[in-house]
Amino acid sequence: MIHTDRIDYIAAHGTGRLPRTIRLADDTMISVHAGNGAYSTPRPRDRMVREGGAGTAPADYPGPYSALEVYVVEPPTAPAEWAPYNADDNPTAGLFCPLPVDLARALVVEHGGEHVAQDTEDDMWKALAESFMQNLRKPPAE
């Protein structure tokens with residue numbers, strides 16, 4: 001069975017101020033953001049801007065969202081139909097927004113769904129910090 005529970009939850013309720021990382025069945029990682037500070041549809045006003053900020057919904061808008069902010073890391077490439085939503089100069093990777101939920105869900109399905117073992121945000125940050133510290137300890141290349 002192909003799971004899309006996380007992407008469906010984010011479409012229904014958003015992520016709040018911070019994006020969420022979703023690990024796909026083939027170990028591809030995507031970052032998804034919908035809510036305050038994200039280029040989602042609708043786009044909640046940014047709480048960090050004093051006089052309301054840019055947006056089409058209240059800052060505390062709880063969802064649902066019809067489009068999400070999705071970050072795809074290389075080497076997996078984004079489908080060609082995502083090109084109009086690309087916010088970077090690279091049409092096959094990077095930030096895509098506002099990306100219709102159906103296109104984001106289709107990518108998840110194409111990669112076998114969501115992995116049953118999801119890393120928690122704490123685990124992700126710990127692994128990133130450990131990797132950073134290991135790189136600091138390496139002697140410079142000659």
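FYI, it's all coordinate maths here, none of it is from the lab. As the structure is a prediction and not an experimental result, all values here were calculated from the model.
Numbers at a glance
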read-out	value
Contour minus Cα-Cα distance for Asp102 and Met29 (0.36 nm per residue)	24.5 nm
Sequence-distant residues sharing a close amide H with Ala57 (under 5 Å, placed H)	Arg43, Arg45
Extension gain from His13 to Thr56, taking 0.36 nm per residue of separation minus the Cα-Cα distance	13.9 nm
In Hz, Karplus ³J(HN,Hα) per residue of region 13-22 (6.51, -1.76, 1.60; θ = phi - 60°; x = Gly, Pro)	10, x, 10, x, 6, 10, x, 10, 8, 10
